[in-house]
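Novice: Sharing a structure below in structure tokens format, with a few things to ask.
We did not get these values from a lab; they are worked out from the coordinates using the rules stated. No experiment lies behind these values; they were computed from the predicted model shown. Heads up, the Cβs are rebuilt from the backbone with ideal geometry, glycines too, and the neighbour counts pull from every protein chain shown.
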Amino acid sequence: MTTVAAPPLVRRAEPLGTSLIERGLLTHAELEWALGVQRGTGSRLGSILIAAGLVRRLDVYRVLSESWNCPFVDLTVTSIDRTLLTRLDPHRLAAELWIPVQRLADGSVLIATAERPERGRAQYIAASLGLPVRLVATTDWDIRRAIGQCFAEVILDEATLGLWRRDEDHSARRVLSTVQAVVAIAVLVLTAEAFLLAPIGSTVILSAVIGVGFLVSVSFKFIVCMVGSRYEYAESVSRQEIEALTDAELPLYTILVPAYHEANVVGALMQNLSRLEYPPDKLEILLLLEADDEETRQAAIAARPPETVTIVTVPPGQPQTKPKACNVGLFLARGEFLVIYDAEDRPEPDQLKAALVAFGRADERQVCVQAALNYFNAGENALTKMFTLEYSFWFDYMLPGLEAMRLPIPLGGTSNHFRTDALRRLGGWDPFNVTEDADLGIRSAALGETVGVISSTTFEEANSAYGNFIRQRSRWIKGYLQTTLVHLRHPVELVRSTGWTKTLGFALLVGGTPLSFLLVPPLYVLFAITMIVGPKSVARFFPGWVLWVSVACLIVGNAMMIYVSMMGVFKRRRYRLVLWAFANPLYWLLHSVAAYKALWQLVVKPHYWEKTEHGLTSDIAARPDLP
Amino acid sequence: MASPATSLHAPTFLRWRTERWPRTNWGRWSVRLAVAVPFVALADLANTTTGPSVANDLLHRQAASLHWASGQLGWVAHAYPPVTIAVARLFPGGAQGLAIAGGLCTGILIQLTIERLMLRAVSVLAAVLLTAAVALTPAFWFVATQDFSAFLTLILLSVALTGLLDFTYNRSTESGFIAGIGFGLATMCDLAALPFAVAGALATLFVAPQAKAVREVARRRAAATVVLFPSAAALAGWAFLQWRFSGSWTRSFSSTDPGLLRFPGGLWISLARAASSVGHDLVFAPVLVVAAVVLYSRRPSSAMACLAFVGCAIVDLWVGAPLSGPTMVVLLGVVALALLPARLTTSEQVALWACVALQVAAAFGVLHFGLAPVADWTHRLFSIGPLAH
């Protein structure tokens, strides 16, 4: 039978506020303010004081420990007996805020808790351990830090291989399944044989397929954008709905900010997140830093982050990718809802509330809402202008169009808001997929869940350097290729679970996007041939109709992409960028370079994460509201 | 700040995409089909009594003569207008089939016209009567069943104009898409649509809510670009293709419109003739005159839209790529209904209905004077066919 060591006698304690004032840690005016906030939010007084930076976390918990009549233990200087943790679930410890510290001489176990050490709690913990326990107080931060350190291997394993273990077929750890490898080899062999036996006929067929494939892929995007444009006045979430939300009903919201070698922007991050209209005591910001990134860590500490920010060290190990870091964040997240922002992001202040309204309106199957992304440094150079053209149509037309047509939505890199539980059920992010966000959107659809969009915008830094752009795009395109391969492992099953329309939509969007970039150079070559030598000179290899179809597809496809790009920036009221849409064919050539690099990397370095460098902009003062 | 006149239009055209009549897709298509049935019957009747129309027959022959899958590329020079040729190629039944296709398309045009009027707080009865003043006329029957290419152009221009108004006044980019693509497709149906696209682009410069800020200038320029781009791209793309594959930039345009850029009698004389001819056609579209006057009384710059359409018709005729007389008459009637402002005063309503009566009388008057092809066709239809006394 489990015995329980006598828990500390909890006296009728002085209220926390009074105790803090008595110790000179708080003024009456500050307490009045905090109590006012408490009436609005219903949060704990301690959380409000800590989040507002009025009292240090350590001081709050020390005072609490006194009022609980319970010793305080500082876990940063206390070693933890890891043998006590072997059969415990770290998720549960993090949620319940306790951790075994060490065995005592009398056979009981010393337990650190960040919640009031009442008798019932002691009995519950003793029953969990099967040993008598003695409770001591500590801070919630100490407990989470200790869990992170003591369970580092478990967290790393879960973050890296969790999805693969649960559902191997949905992980990009293996690039090709056996069937896919066989099919790929067969197609390559047959194509080579066809070219050997009938080179002209094969060239003709291939050219026609390339031209039509390009047009089909681009037309699909154009049609979806047209559908999306219908919803430009349909506000997904109105200002009134957001204002109707009371602080008391707002849940705890976790913000994940994965950063790597971003010391130059991490200071601005604190400023940007401080603009969010959300009670700070209901925010949990996890800054996810790699173990070897001391530079960003020091910059983050130097930026004096508020108490709502927790710096989490991602355990070292391969693959060293953003999704792995996010999985570590997901492991530790306590929020009912969760969002990812990049370090340089500037979300619109009411975005979290807008997401909550959208979730409140949707059914339980909606696991995620995606906010729009756009750029604050659009006018910096030609590349940032083109980037802005592209993002404007993608997030303002394409995603709303996909949502309206109930097609799978590949999530964008940041500003994806999730129901945390649902995200865990889905298996989190695939650390082996280099566009883990797009993959997650498609996986949601494949598993019968839905993704929505909201009109709130997050302003990011557009890539302003060409080399950096190619690196970033090659990663995105490689990720789309990975995602296509992953979700087409069982095409029949996919059709059965999602239907023909969604499967086709997925194939055309996620598979068609890299394909269209890969097809651009051959089409440009054909175009150049017709320009330079004339169609008659190459009639033997490219009969008239092939050239005609290819060039017509190229012209029509490019015109369509130019047009949606124009309309996208027109909608965003960035009128001066409209004429830049004419540069779209050149922009696509850059994509093609990235696409061929991506294809090569898919073969030789499938899981390699091409890091995008942020903080390159010289347009620091750019304001998103003044494009 | 927008002028007071802006508010007159804003709710009207904004609702165009959000409030439909009838509300459901099923309802809309049922109305279109129901409206189209008599016109399809008329097309069938005309086919059996007066034989296939010359215009539709020409289009069908042109489409049938193209061997696009052959190794030869000269066919590109004979493939303009590509949209109607593609339809003629795909739609079965030759010239008779095209007449039936035109009859079917009437449903779309009439439903859209009634819908637009109803969204301007016009009652169902009034909307139907106003639309009937255009649709129940020999010129409309003639164009719908005898000249598929012109009728398709007319429908596309009508759709583009409605989109243009919403885009200009409310900055709805969906309507911008519709306007641009409408003009672009119309240009690929008939070269005569190009001046209308240009006028549409210019309208965004002059008719938009007033503001002199630098940003507003950029906005207007951008708006003109997005309206004009599809037409310009389509035409430039087509010109490029025919140059590369047939050796001439303009052959297909001039083979469709042999008088293109010829200016018989000199520039000014041909311009005067064109203006006089279109002025004559205006006799058949008094509703457009009322619409222009009412628009001018509320907001002078908006009346530019009416004038622009008339100007485009003159330019078409002048440069030698004219819409046929009957098509022009029907187009002016449809444009008048598209531009008619909401909330007319009593005196404006009296003037409107008087002009409607006049328009109907003029429309049937063509049987005795003017618009010779319509008069001829109608006489043949009624005297030879089963409707003959």
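Novice: Mind giving me the FRET efficiency for A:L504 and B:L202? R0 is 51 Å, r the Cβ-Cβ distance, nearest 0.05 is fine.
Specialist: 0.80
Novice: Tell me, what is the FRET efficiency for B:Y296 and A:A528 to the nearest 0.05, using R0 = 51 angstrom and their Cβ-Cβ distance as r?
Specialist: Efficiency for this residue pair is about 0.45.
Novice: Using unit Cβ charges (K, R positive; D, E negative) and no other charged atoms, how large, in debye to the nearest 20, is the dipole of the protein assembly as shown about its Cα centre?
Specialist: 1700 debye
Novice: Taking K and R as +1 and D and E as -1, what net charge do the other residues with C-beta under 14 Å from the C-beta of B:G94 add up to?
Specialist: Result for the neighbourhood of B:G94: 0.
Novice: So if I place +1 on the C-beta of Lys and Arg and -1 on the C-beta of Asp and Glu, and nothing else carries charge, what would the dipole magnitude of the range A:473-563 be about its Cα centre? I want it in debye, nearest 20.
Specialist: It comes to approximately 160 debye.
Novice: Calculate the spin-label point distance for B:S277 paired with A:E193, positioning each point 7 Å from the Cα along the beta-carbon direction, and give it in nanometres.
Specialist: Calculated label separation equals 6.5 nm.
Novice: In nanometres, what is the gap between the two model label sites at B:A41 and A:R116, each 7 Å from Cα along Cα-to-Cβ?
Specialist: Rounded to a tenth, the inter-label distance reads 8.4 nm.
Novice: Sorting A:E249, A:E118, B:E348 on the 10 Å Cβ count, fewest up front, what's the list?
Specialist: The order, fewest Cβ neighbours first, is A:E249, A:E118, B:E348.
Novice: Which residue, A:V549, A:A302, A:P347, has the largest displacement toward the positive end of the dipole of the protein assembly as shown when charges sit on each Cβ (Lys, Arg +1; Asp, Glu -1)?
Specialist: A:V549
Novice: Something else about it: Which order results if A:D169, A:D293 are arranged by neighbouring Cβ count within 10 Å, fewest first?
Specialist: The order, fewest Cβ neighbours first, is A:D169, A:D293.
Novice: Find the percent of Cα-Cα distances in chain B that exceed 39 Å, and round it to a whole number.
Specialist: Counting pairs separated by more than 39 Å, the tail of P(r) holds 15 percent.
Novice: Could you work out the relative contact order of the range B:181-294, using alpha carbon pairs under 8 angstrom and six or more residues apart, expressed as a whole percent?
Specialist: 22 percent
Novice: If the chain between A:S274 and A:R365 were fully stretched, how many nm would it gain, using 0.36 nm times the residue separation less the Cα-Cα distance?
Specialist: Gain on extension, A:S274 to A:R365, equals 29.7 nm.
Novice: Right, something else. When the chain is fully extended, how far beyond the present Cα-Cα distance does A:R23 get from A:R165, taking 0.36 nm per residue of separation?
Specialist: Between A:R23 and A:R165, full extension yields an extra 45.9 nm.
Novice: Which residue fluctuates the most in chain B, going by a Gaussian network model with Cα springs under 10 Å, if the choices are B:D257, B:D376, B:D166?
Specialist: Maximum fluctuation in the GNM of chain B, among the listed residues, is at B:D376.
Novice: About the Cα centre of the range A:226-323, how large is the charge dipole given +1 on each Lys and Arg Cβ and -1 on each Asp and Glu Cβ? Please answer in debye to the nearest 20.
Specialist: 160 debye
Novice: Can you list the aspartates and glutamates whose alpha carbon is less than 15 Å from that of A:K282, not counting same-chain residues fewer than 8 positions off?
Specialist: Counting by Cα, and skipping residues close in sequence, A:K282 has these aspartates and glutamates nearby: A:D140, A:D247, A:E249, A:E307, A:E336, A:D350.
Novice: Evaluate Rg over Rh across the range A:16-150, taking Cα atoms for both radii and Kirkwood's formula for Rh.
Specialist: So for the range A:16-150, dividing Rg by the Kirkwood Rh gives 1.01.
Novice: Still on this structure, please answer the following. Taking the DSSP beta bridges in the protein assembly as shown as the whole, what percent of them are antiparallel, to the nearest 5?
Specialist: Around 30 percent of the beta bridges assigned by DSSP in the protein assembly as shown are antiparallel ones.
Novice: Per the helix-only calculation at 222 nm, which mean residue ellipticity applies to chain A, given -39500 (n - 2.57) for every DSSP H run of n ≥ 4 and division by its residues, nearest 500 deg cm²/dmol?
Specialist: When only DSSP H runs of four or more count, the value is -16500 deg cm²/dmol.
Novice: Only helical DSSP H runs with n ≥ 4 go in: add -39500 (n - 2.57) per run for chain B, normalise by residue count and round the 222 nm mean residue ellipticity to 500 deg cm²/dmol.
Specialist: The helix-only estimate for chain B comes to -25000 deg cm²/dmol at 222 nm.
Novice: Take every DSSP beta bridge with both residues inside the range A:16-150 and express the antiparallel ones as a percent of the total, to the nearest 5.
Specialist: 45 percent
Novice: Along the charge dipole of chain B, which of B:V159, B:V226, B:V330 sits closest to the positive end, that is, farthest toward it, with unit charges on the beta carbon of Lys, Arg, Asp and Glu (+1, +1, -1, -1)?
Specialist: The residue sitting farthest along the positive end of the dipole is B:V226.
Novice: Using 1/(1 + (r/R0)^6) with R0 = 60 angstrom and r between the beta carbons of A:E295 and A:L104, what's the FRET efficiency to the nearest 0.05?
Specialist: Using R0 = 60 Å, I get an efficiency of 0.90.
Novice: Here's a follow-up. If I model a spin label as a point 7 Å beyond the Cα along the Cα-Cβ vector, how far apart are those points for A:A248 and A:L58 in nm?
Specialist: 3.7 nm
Novice: To continue, here is another question. Which of the aspartates and glutamates could a cross-linker bridge to A:K478, judged by Cα under 19 Å and excluding same-chain residues fewer than eight apart?
Specialist: By straight Cα distance, A:K478 reaches A:D169, A:E390, A:D430, A:E436, A:D437, A:D439, A:E610, A:E613.
Novice: Still on this structure, I have one more. Write down the Å³ per residue value for the convex hull defined by the alpha carbon atoms of the protein assembly as shown.
Specialist: Per-residue hull volume (Cα only) is 205 Å³.
Novice: Okay, which of the range A:572-603 sit inside 11 Å, backbone N to the point 7 Å along the Cα-Cβ direction of A:L206?
Specialist: Inside the label zone: nothing.
Novice: Sticking with this structure for a sec: If you line up the long axis of helix A:584-604 against the longest principal axis of chain A, both from Cα atoms, how many degrees apart are they, to the nearest 10?
Specialist: The angle comes out at about 70 degrees.
Novice: Which lysines have a Cα less than 21 Å from the Cα of A:K385, not counting those fewer than 8 places away in the same chain?
Specialist: Filter leaves A:K221, A:K571.
Novice: Moving on to the next point. Return the whole-Å distance between the Cα centroid of the range A:268-338 and the Cα centroid of the range B:151-197.
Specialist: 51 Å
Novice: With the dipole of chain B worked out from charges on the C-beta (+1 for Lys and Arg, -1 for Asp and Glu) around the Cα centre, which of B:G266, B:V37, B:A127 lies farthest toward the positive end?
Specialist: After comparing all options, I get B:A127.
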